[in-house]
């Protein structure tokens, strides 16, 4: 972080669901075992995201289908384009998902290694990735205690916040600070 020739980014994937799984309600004292009905469908939308730790710049990409080597490669190319304007070497902190190591984009990663490198976290250590805090903040700001009639309304709420953070955010910079 102290090296001015290096840009450090944190990257991960997330799902936001249309219908939450938590319910908070008043229950009469005489009703000892209430039945709470939830929406039977579990519709969700996935996003790739990355945050630059020095200034809170945020890059995201909605994933319509599923997270795999193809979709991650598309996001890698988008992130590389967005991060290359600084002229610094880019290190991207990411987890050890199988598709992050895929042979499909191995040649691309090797070709870009002199200026764009993935730095993998140890297995089973998601709390070390600063972007996990961004996902928690997004849920708190955009989806917590909200009703969404459609999946598109979830996308709109989340992407509105993501677009606000895109040019850089002091909130994200402080949230993701590594001391």
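Please treat every number below as a calculation from the coordinates, not as lab data. Small disclaimer: the values here were computed from a predicted structure and weren't measured. Please note: Cβ atoms are built from the backbone with ideal geometry, for glycine as well, and neighbour counts cover all protein chains shown.
Computed from the C-beta positions of residue 107 and residue 65, the FRET efficiency with R₀ = 30 Å rounds to 0.80. Against the chain, whose longest principal axis is taken from its Cα atoms, helix 69-83 shows a tilt of about 60°. For the options 127, 119, 70, a Gaussian network treatment of the chain with springs between C-alpha atoms closer than 10 Å singles out 127 as fluctuating the most.
For helix 151-165, what angle does its Cα long axis make with the longest principal axis of the chain, in degrees from 0 to 90 and rounded to 10? Roughly 40 degrees between the two axes.
How much length would be gained if the chain were fully extended between residue 170 and residue 153, taking 0.36 nm per residue of separation minus their Cα-Cα distance, in nm to one decimal?
Details: separation 17, 0.36 × 17 = 6.12 nm, distance 2.63 nm.
Gain in length upon complete extension: 3.5 nm.
Inter-label distance, residue 137 to residue 99: 2.6 nm, where each label sits 7 Å from its Cα along the C-beta direction.
Relative contact order, percent, of the stretch 22-179 when contacts are C-alpha pairs under 8 Å separated by at least 6 residues?
30 percent
The GNM of the chain, with springs linking C-alpha atoms under 10 angstrom apart, assigns the highest mean-square fluctuation among 86, 169, 11 to 86.
For the residues 126, 167, 149, a GNM of the chain with alpha-carbon springs under 10 Å puts the largest fluctuation on 149.
Spin-label model, residue 27/residue 77: points 7 Å from Cα along the beta carbon direction are separated by 5.2 nm.
Between residue 177 and residue 5, the C-beta separation translates, for a Förster distance of 22 Å, into a calculated FRET efficiency of about 0.65. In the list (i) 40, 20, 15; (ii) 29, 19, 13; (iii) 34, 18, 15, the label attached to semi-axes √(5λ) of the Cα gyration tensor in Å as derived from the coordinates here is (iii).
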